Amino acid sequence: MEPHGAPWTGILAPPIPGRAPRPREVGVTVVMDKGLGPAACQDLLAVSGAHIDFWKFGFGTAQLHPPARLAEKLGAIRAAGVCPYPGGTLLEAAEVQGQAEAFLERARILGFGAAEVSEGTIPLSPRRRRELIATARGLGLRVLAEVGKKDPAAQPSPEALAEQALADLEAGAEYVIIEGRESGRGVGIYGPAGQVREEWVEILVASLPVEKVIWEAPRKEQQQALILRFGPNVNLGNIPPEEAMALEALRVGLRGDTLAVTLGRGLAPGGVPAD
């Protein structure tokens, strides 16, 4: 008979305490699936499902799945208590073709639990963003609204990102995602080498409720920086599915990068390294 709880329950405590349990509203982890097969998906969920909150089918990959395999994966994801959604690029493609509302309705029928409203590649008017958020909510879908552009040469200012994010939250989005792309370089809060531009982060958090912000952070050093800034319950996205457990270890100080900080300086309230 398997023991309840973690293998070392009663012996080891998380070096960084306070991690919110699922179902949770803060500290969400969003993984980006670029084409896992059903068996790989089920294996990963069996081990790491408890550490995942949203499952994004990256880019337009949801359209390229064989229908039976997509249904199989969606069933496994939902059974694990994880909310699946198609990437925002797919909704953008539907919008260009005049099919955005039909796309959202089909997403609901297929079994997706959320929608991402974005304009990483195409322009959307503020009115159209509000309409798409309202349509998705009316269908019973959770809404994640992404702000920012994918082109490194066309990056909005942090003030513009904050303004759009606030408008999306007021329109009914559950979370706002700060664009970081799969590369984590040269977009949003990241410089050309992937370094976190701390001044951008501070401008954004001065205007936004941080518990409603999902920071796309595909690189480990970005995840570490955000955890040390905000604590274990920072919302993080664009995580490779196979790295969900490694991220959870980073969140709670069970990885050398964050354990070293807790041993050396400790963490102040909110996760900020103490002096």
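The values are calculated or read from the model by the stated rules, or taken from the named source; none is laboratory data. In this text, all values refer to a predicted model and were calculated from it rather than measured experimentally. Heads up, the Cβs are rebuilt from the backbone with ideal geometry, glycines too, and the neighbour counts pull from every protein chain shown.
If we keep just the residues of segment 172-196 that are on the phi > 0 side of the Ramachandran plot and of a type outside the set (Lys, Arg), which is surrounded by the fewest Cβ atoms within 10 Å (Cβ to Cβ)?
Among them, the one singled out is Gly172.
For residues that are among the charged types (D, E, K, R) and farther than 18 Å from Asp151 by Cβ, tally how many sit in segment 165-215.
8
Considering only residues that are part of a helix (DSSP H, G or I) and over 15 Å from the mean Cα position of the chain (by Cα), look in segment 225-254 and name the one that is nearest to Arg22 (Cα to Cα).
Top of the filtered list is Ala249.
Given the criteria in contact with a helix residue (DSSP H, G or I) (Cβ under 6 Å, 6 or more places away or on another chain), buried (at least 21 other Cβ atoms within 10 Å of the Cβ) and under 25 Å from Pro218 (Cβ atoms), does Pro86 qualify?
yes
Can you find, within segment 137-171, the residue that is surrounded by the fewest Cβ atoms within 10 Å (Cβ to Cβ) among those that are without any contact (Cβ under 8 Å) to a residue 40 or more places away in the chain and small (Gly, Ala, Ser)?
Across segment 137-171, the extreme among qualifying residues is Ala153.
Can you name every residue in segment 94-123 that is touching a residue at least 12 places away in the same chain (Cβ under 8 Å), among the hydrophobic types (A, V, I, L, M, F, W, C) and crowded, with 18+ Cβ neighbours inside 10 Å?
Ala100, Phe103, Leu104, Ala107, Phe112, Ala114, Ala115, Val117
Scanning segment 152-209 for residues that are polar (S, T, N, Q) and part of a helix (DSSP H, G or I), which turns out farthest from Ala134 (Cα to Cα)?
Per the stated criteria, the residue is Ser207.
Which members of segment 140-171 meet the condition of being at positive phi and modelled with pLDDT under 95?
Gly148
I want to confirm something. Restricting to segment 58-83 and keeping residues that are more than 26 Å from Val147 (Cα to Cα) and in contact with a helix residue (DSSP H, G or I) (Cβ under 6 Å, 6 or more places away or on another chain), which single residue is surrounded by the fewest Cβ atoms within 10 Å (Cβ to Cβ)?
Checked segment 58-83; the qualifying residue surrounded by the fewest Cβ atoms within 10 Å (Cβ to Cβ) is Arg69.
Just to check your reading of the model, which residue among Ala136, Ala94 is in contact with a strand residue (DSSP E or B) (Cβ under 7 Å, 6 or more places away or on another chain) and farther than 25 Å from Leu204 by Cα?
Ala136
Run down Ser157, Ser125, Ser118 and say which single residue is of a type in the set (Ser, Thr, Tyr), under 20 Å from the mean Cα position of the chain (by Cα) and closer than 28 Å to Val201 by Cα.
Sole residue among the options that is of a type in the set (Ser, Thr, Tyr), under 20 Å from the mean Cα position of the chain (by Cα) and closer than 28 Å to Val201 by Cα: Ser118.
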